[in-house]
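Everything on this sheet refers to the single structure shown next.
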Amino acid sequence: MAPAMLQPVVSSTTGLPAISGKYPVVSATKSSPSARSRRRHLRHESLSPGHMLFPIPPEPSPGQQYGTLRDFLSFSQKVIGKFRAKPASRLRAVPYLDRIKRAFSSSSKKINIAIAGATGAVGQELLELLEERNFPVDNLKLLASSRSAGKKMTFAGKELTIEELKEDSFGDVDIAFFSAGGSQSRKYGPIAGQAGCLVIDNSSAFRMAEDCPLVVPEVNPDAIPDASKSMIIANPNCSTIIMNTVVWPLHQMANCTRVIVSTYQAASGAGAQAMAELEQQAKDWVAGDPITQDIFGRQYVWNLFSHNSPIDMETGYNQEEMKMVKETKKIFSNPDIAVTATCIRVPVLRAHCEAINLTFEKKMTEDLAKEILSKAPGVTVVDNREENVFPEPLDASGKDDILVGRVRHDLSQPEGIGMELFVAGDQIRKGAALNAVQIAEVVLDDYPQLLKKANL
């Protein structure tokens with residue numbers, strides 16, 4: 001007899017299980033062979049948000065009703081329970097289950113959120129992600145400069161008025177996402193922390209501070225409690241996040257001793273104005289007009305150039321490259337890992353690419369590397385040699401996962417210890433906003449004690 005399958009009754013408006021009373025009501029039906037063949041072991045990318053199938057024990061009969069959230073999640077939690085011992089190794093379905101719990105549990109409490117820098121590219125993405133991921137927002141405060149104060153933005157169908165970022169903006173805020181630049185973070189971040197607000201900062205202001213954990217949730221979520229004194233968690237550099245999400249699972253298996261990375265970074269890394277200028281330069285070129293050069297001071301379209309961050313005169317490395325070097329050591333808790341980077345701007349709108357060369361202590365086959373990456377959270381393997389299909393920035397744009405391909409041995413190194421990869425990741429999403437929201441989700445689920453005012 002085919003095992004029964006638990007199928008939520010899906011809301012046509014939210015795409016999530018419908019509510020009857022306090023809990024989602026779901027019914028067990030027998031799965032057809034075709035349905036079973038379509039399942040891919042809870043891999044979320046093979047299932048739409050409105051059609052998640054969760055396996056349940058074979059005992060329930062078809063049509064049986066499950067009236068509580070506990071019934072709905074019990075078996076799924078058993079299936080994934082062994083992965084929860086190490087948060088970085090969670091199945092990809094786990095965040096979905098966590099969002100269901102937050103959305104439907106009667107004991108779930110909503111929290112007050114602020115976004116500093118709400119009008120920027122990352123700020124706008126944060127708004128979309130908080131709504132998309134059903135984050136339990138009670139009150140949302142949008143903060144920006146005095147120039148933007150009074151303007152309107154929409155969240156969850158409601159029109160909100162932007163407020164000016166001030167020292168007294170955080171008295172009633174539980175979590176503040178900062179994406180207003182380093183100077184604003186340095187000024188207001190500690191003030192927010194002292195007010196009992198947990199800050200998740202997207203700038204470079206606090207990344208190397210000893211009392212501020214630097215977190216990629218797929219890698220080191222266990223570092224989050226280190227923010228208990230500063231109340232500041234740092235979001236890593238976008239290129240670092242994209243690289244570390246992919247390198248970490250391989251490092252766990254074979255101990256990566258050296259990383260050589262070359263980046264191909266999109267305009268989004270320099271903000272919404274840089275993206276707009278790239279589009280304008282394309283229009284200027286087509287029209288035969290002088291090329292607009294207000295942001296980078298050079299032609300960007302049909303060109304590429306060394307990353308626009310300052311260069312150290314002694315070492316020749318720019319700031320972006322050194323961020324990748326220093327941040328990787330801190331995130332991996334491994335000061336001995338050797339990292340070198342070359343960072344380049346390319347005329348792409350919003351997804352970074354990276355060519356990564358790895359040296360391992362232990363031998364690793366290509367097949368094993370692909371198997372590890374195919375199971376890694378936040379990663380999708382795109383590696384089709386026959387049809388020459390590999391990660392591209394257009395394909396990565398708007399996606400949560402980092403795309404990885406061109407997985408092959410480095411022929412210049414002894415067999416099995418060198419590996420080449422090519423990755424593409426949405427810089428605004430996983431490289432910034434998504435990573436920040438994921439940190440907040442881990443805090444809510446695993447470290448609620450950091451939310452001092454929320455009384456969770």
Pairs where the first residue, in segment 156-180, is of a type outside the set (D, E, K, R) and the second is open to solvent by 80 Å² or more (accessible area, probe 1.4 Å), C-beta under 8 Å, 6+ apart: Ala156/Glu131; Leu160/Lys152; Leu160/Thr154; Thr161/Lys151; Thr161/Lys152; Ile162/Lys151; Ile162/Lys152; Ser169/Glu163
Could you go through segment 277-285 and let me know if any residue there is within 29 Å of Leu214 (Cα to Cα), of a type in the set (A, V, I, L, M), open to solvent by less than 40 Å² (accessible area, probe 1.4 Å) and part of a helix (DSSP H, G or I). no
When you look at Ile232, is it within 26 Å of Leu403 (Cα to Cα) and β-branched (Val, Ile, Thr), yes or no? no
Single residue of Lys399, Lys370 found to be open to solvent by 60 Å² or more (accessible area, probe 1.4 Å), in contact with a strand residue (DSSP E or B) (Cβ under 7 Å, 6 or more places away or on another chain), at pLDDT 95 or above and more than 20 Å from Ile260 (Cβ to Cβ): Lys399
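So how many residues does segment 323-346 have that are of a type in the set (A, V, I, L, M), surrounded by 20 or more Cβ atoms within 10 Å (Cβ to Cβ) and over 20 Å from the mean Cα position of the chain (by Cα)?
Kept after step one, since they are of a type in the set (A, V, I, L, M), are these residues of segment 323-346: 324-325, 331, 337-339, 341, 344, 346.
When the remaining residues are screened for being surrounded by 20 or more Cβ atoms within 10 Å (Cβ to Cβ), the result is 324, 331, 339, 341.
Subset that is over 20 Å from the mean Cα position of the chain (by Cα): 339, 341.
Number satisfying all stated conditions: 2.
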Which listed residue, of Leu349, Leu394, Leu450, is open to solvent by less than 60 Å² (accessible area, probe 1.4 Å) and in contact (Cβ under 8 Å) with a residue 24 or more places away in the chain: Leu450
Consider Asn308 against the criteria (1) under 28 Å from Ala234 (Cβ atoms); (2) modelled with pLDDT of 95 or more; (3) not aromatic (Phe, Trp, Tyr): it satisfies all of them except one. Which criterion is unmet? (2)
Residue check: is Ser228 within 26 Å of Cys353 (Cβ to Cβ) and touching a residue at least 40 places away in the same chain (Cβ under 8 Å)? no
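Condition test on Tyr300, is it open to solvent by less than 20 Å² (accessible area, probe 1.4 Å), among the hydroxyl-bearing types (Ser, Thr, Tyr) and touching a strand residue (DSSP E or B) at 6+ places or on another chain (Cβ under 8 Å)?
Working: open to solvent by less than 20 Å² (accessible area, probe 1.4 Å): yes; among the hydroxyl-bearing types (Ser, Thr, Tyr): yes; touching a strand residue (DSSP E or B) at 6+ places or on another chain (Cβ under 8 Å): yes.
So Tyr300 passes the test.
Looking at Ser185, Ser204, can you tell me which residue is among the small types (Gly, Ala, Ser) and in contact with an Asp or Glu (Cβ under 6 Å, 6 or more places away or on another chain)?
Working: Ser204 fails: in contact with an Asp or Glu (Cβ under 6 Å, 6 or more places away or on another chain).
After ruling out the rest, the residue left standing is Ser185.
Can you tell which of Trp248, Trp285 is under 21 Å from the mean Cα position of the chain (by Cα) and of a type in the set (Phe, Trp, Tyr)? Don't jump to the end; show me each part of the working.
Numbers: Trp285 fails: under 21 Å from the mean Cα position of the chain (by Cα).
Exactly one residue qualifies, and that residue is Trp248.
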Every residue in segment 430-447 that is charged (D, E, K, R) and either open to solvent by less than 10 Å² (accessible area, probe 1.4 Å) or at positive phi (or both), please. Lys430
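The values are calculated or read from the model by the stated rules, or taken from the named source; none is laboratory data. Here the structure is a predicted model, which is why all the values come from computation and not from measurement. Neighbour counts are summed over all protein chains in view; Cβ atoms, including those assigned to glycine, are modelled from backbone coordinates with ideal geometry. Quick note on the areas: whole protein, heavy atoms, side chains included, nothing else; ligands and nucleic acids left out. Shrake-Rupley method; radii C 1.70, N 1.55, O 1.52, S 1.80 Å.
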